[in-house]
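Here is the structure we will look at, set down as structure tokens.
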Amino acid sequence: MQRIRVPISSFQYGEVSDSLLMRTDSAVYAQSAQQLENMVVMAEGSVKKRYGLKHIYDYGLSGASVIKSHLFHFIFDENEEYVISVEEGKIRCFRLPADGSVTLVSTITQDTDTNSLPFDEDYLQEITSAQYGDVMFICHPLFAPRMLTRTSLTSFELSVFTFDTRLDNKKTYQPYTRFQSQGVTLDPSGTSGTITLTTSSDYWVSAHVGSIIRYGDSEIKITIYNSATQVTGTVTDTLKLRLAILNPLRTFDGSDIVEVTQIAHGFAGGEAIVIADAAATGGINTGNLNGSFTVGTIIDDNTYTYTAGGSASSSEDGGGIVTVTTHAPTTNWDEQSWSAVRGYPAADTFHENRLVFGGTIAEPDSVWMSKIARFFNFDVGDAADDDSIALVAATGDVNEIRYLVSNRDLQVFTASSELYIPTFLNQAITPTNAQIRKQTPYGTGHTLPIPIDGATIFVANNGKVVREYLYTDSEDAYTANAISTLASHLIDAPQFMAVAHSGFGLPDSYAILTMADGNAALFTSNRAERRAAWTSVTTNGSFSSVTAVEDRIFANVYDSDGNLHLCEFSEDIGLDFWVYGAITSNKVDVSSKYSNGDVVDVVATDGTGQSHLGSFTVNSDDEIDLTTYSGLGFTHAYAGKKFTAKIESNPIDTSMSSGPVTGAIRGLANVVVDVKNARSMKVNGRPLVTESPFTGKKELRVLGHDRNPKVTIEQDDPLSLQVNGIVAEVVV
């Protein structure tokens, strides 16, 4: 028999699937583990026990009335940060002062017009947000965008997003779309006041009431639904339009016929029109060019004629800027893009000083970008560089936009593919250069994509793969490689995702994803060192929504009784749902979370170190009695539910002169574990207990033979643990 010492010098590749068991030749195999539960992979390749979950807030409902909540972060500056909880019919706002505490400062159940909030628990996960300054924009296709506005350090209000209007309130700077079938005409009964609007085929539904229809450039607000072909509306100004072409009138020497260039005029001939503001041209004075006329010959879709009041003395183009007033039937009409009929944006973000929305029910593949620095103005104008931009991802497939992410470019994540709107070198996105380019064909589920380590990670639509959307110079395009392949067993229909930079008190960035089964997974990446790792996270309950504020990670967590709590990964302590308090008269008040009869574990501190005192039952005063430990100098205590940290290595394997020992019966003799600040642990069931935190190498003798011998390190006690590496002595 031979004894061979096999090192596991790091865990930099994290937890890997058992499908990798035969890849003993791979560098990944030697620096990963079969299980890393409640452990965090550090930059050096070591692993340490995750922070415990500090209990912050009890949402107050349980059992059959389980509450649901979607968490968002709201950051004004580093001293004014908040966690926002969006719930069915409610918003709660928690402030994060500089002292590390969390305080509920505002609860909103009505908007500024005293309407109830439109949030429904059935689609809370799909809600998106974008925040700038004191305002957060909240979106979903089933309701008009809402604005959560911070009105003071400790107060918020909610209102409906409204577009800018012209000073006279007769024009709304919002996007418009032609939803009617080709050739459908709109016939207004007049040019001002209250009129009827009749379409040549069925078009109207009752939900159109309140919507704005645009006839040419003039707005008509629908007030009454009469039938599928007729509604009543109020004209905000007069049914007139300013012709887009400068000098649109053409005269002919000796003739009183005037040719008018009007883009997509929609006339058939014989309609009554009023010409105004036309300047004298071709020898015809203004009095003969302006006034009431009848459309004559239709030359083409953009040109028609009328008979002026006098004949021209020359042939020329002129008239200056001309206005045409008419209520003739026309195909040149549209309606507001967002409404109860057409749906509202599914996604929003800020990019290059524009507010960007994307994807309504009726236009799932459209993107609208506001004017630069004018976030409520979506008027496309005349395509000046700072005008609003409207784009359609016409790639051959319907791309249902779900998320927009401002990164290197404006990234567009849809249900069927990934696209982007490029940012050109030294140029801003403008109406004349904006374009949508399709890149990869995977599609995104209802989990917010988030940038990390230079890429944007997203959950594929099938809920089984996490990918990174990354621009590569070699391909001059975006790729979407899978990053969860090695740990595919951890990915179970992710629901929510957040990224904390320098999370868990460590320098790396960590993404946390909560799964449909209530567990969570941590991902960290360092592209420069070609290092990426996954670990699993479990608790005495189940995870729901998560968000991160700089280096702090917050999570909604259901306890074992089904109660929902807002928690934070905080403190190097092995307790979840923990509360902290001073020991007064040998008792600790735990009423903020626990009540009579609850069983909790207690970790006490004297200001210099921690000691696990064991399990206790909360008394009728919602306190824990620590009289047994009086006189030991403990001043404060943590009380909560302990969780297990576990490392299970890949099968210890090696090669000999006769070949690999893979699959052969072999045993483990000794295991050397290098630890830091460890108080307790078990190695293959053999306990290691120290009275004070131990740093260094511990050798333990273990027994047993197996075809897949593993080293298993566990810690049930709610104390700290860091493992730097393992050396296992295998007997063959």
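Assuming a ≥ b ≥ c are the square roots of the Cα gyration tensor eigenvalues, decide whether segment 1-149 counts as rounded (a/c under 1.5), prolate (otherwise, with a/b larger than b/c) or oblate. Note, shape of segment 1-149 comes out prolate. Sketch the reach of a paramagnetic label on residue 226 as a point 7 Å from Cα along Cα-to-Cβ, and name the residues of segment 165-198 whose backbone nitrogen lies under 19 Å away. In segment 165-198, the label zone of residue 226 (backbone N under 19 Å from the point 7 Å along Cα→Cβ) covers 184-198. A cut-off of 5 Å between modelled amide H atoms, ignoring neighbours fewer than 5 places along the same chain, links residue 694 with 677, 678, 679. Peptide packing: for 288-300, 449-461, the average count of neighbouring Cβ atoms within 10 Å per residue gives the ranking 449-461, 288-300, highest mean first. Using a cutoff of 8 angstrom between alpha carbon atoms and counting only pairs six or more residues apart, the relative contact order for segment 395-496 works out to 18 percent. Only Lys, Arg, Asp and Glu count, each charged at its Cβ (+1, +1, -1, -1), so figure out the dipole size of segment 581-636 about its Cα centre, rounded to 20 debye. Using only the charged Cβ atoms, the result is roughly 120 debye. As a calculated quantity, the FRET efficiency between residue 321 and residue 207 at R0 = 51 Å, using C-beta atoms, amounts to about 0.85.
In summary, the aspartates and glutamates within cross-link reach of residue 641, defined as a Cα separation below 15 angstrom excluding same-chain residues under 8 places away, comprise 559, 561, 568, 571, 572, 576, 598, 601, 716, 717. In order along segment 102-117, the phi-based Karplus estimate (6.51 cos²θ - 1.76 cosθ + 1.60, θ = phi - 60°) of 3J(HN,Hα) comes to 9, 10, 6, 10, 7, 10, 10, 10, 9, 7, 5, 9, 6, 8, 5, 7 Hz; Gly and Pro are listed as x.
Put simply, the amide H of residue 43, placed in the peptide plane, has neighbours under 5 Å in 508, leaving out anything fewer than 5 places away on its chain. Taking a point 7 Å out from the Cα of residue 435 in the direction of its Cβ, the residues of segment 355-372 whose backbone N falls within less than 20 Å of it are 365-369.
The residue 24 and residue 669 beta-carbon pair, evaluated with R₀ = 35 Å, returns a calculated FRET efficiency of approximately 0.95.
A simple spin-label model places the labels of residue 104 and residue 77 2.9 nm from each other, with each point 7 Å out along Cα-to-Cβ. The alpha-carbon of residue 646 sits under 20 angstrom from the alpha-carbons of these lysines, leaving out residues fewer than 8 places away in its chain: 48, 49, 676, 682, 697, 698, 710.
Summing charges over neighbours of residue 296, with a neighbour being any other residue whose Cβ is under 12 Å away from its Cβ, gives -3 when K and R count +1 and D and E count -1. Among the lysines, which fall within straight-line cross-link reach of residue 90, defined as a Cα-Cα distance under 23 Å, with same-chain neighbours fewer than 8 residues apart omitted? Straight-distance partners of residue 90: 68, 593. Relative contact order for segment 513-582: 21 percent, from Cα pairs under 8 Å spaced at least 6 residues apart, divided by residue count. For the pair residue 122 and residue 292, the difference between a 0.36 nm per residue extended length and the Cα-Cα distance amounts to 55.5 nm. In the set (i) -0.37, -0.76, -1.17; (ii) -0.43, -0.90, -1.37; (iii) -0.28, -0.72, -1.29, the label that goes with log10 I(q)/I(0) by the Debye sum over Cα atoms at q = 0.05, 0.08, 0.11 Å⁻¹ computed for this structure is (i). With a Förster radius of 51 Å applied to the C-beta separation of residue 373 and residue 586, the computed FRET efficiency comes to 0.25. By the scheme Lys and Arg +1, Asp and Glu -1, what is the net charge of all other residues having a beta-carbon under 14 Å from that of residue 370? Computed value for this residue: -4.
Counted over the chain, the DSSP beta bridges are approximately 95% antiparallel.
For residue 221, what is the net charge nearby, where nearby means another residue's Cβ is under 13 Å from its Cβ and Lys, Arg count +1, Asp, Glu -1? Taking every other residue near residue 221 into account, the sum is 0. Looking at the chain, the accessible area is 41 square angstrom per residue; that uses a 1.4 Å probe and ignores ligands, DNA and RNA. Given +1 at the Cβ of Lys and Arg, -1 at the Cβ of Asp and Glu and no other charges, the dipole of the chain around its Cα centre is 2000 debye to the nearest 20.
The values are calculated or read from the model by the stated rules, or taken from the named source; none is laboratory data. Source: prediction; values computed, not measured. Using ideal geometry, Cβ is built from the backbone for each residue, glycine included, and neighbour counts are taken over all protein chains shown. Note: areas computed on protein heavy atoms with side chains; ligands, DNA, RNA excluded. Shrake-Rupley method; radii C 1.70, N 1.55, O 1.52, S 1.80 Å.
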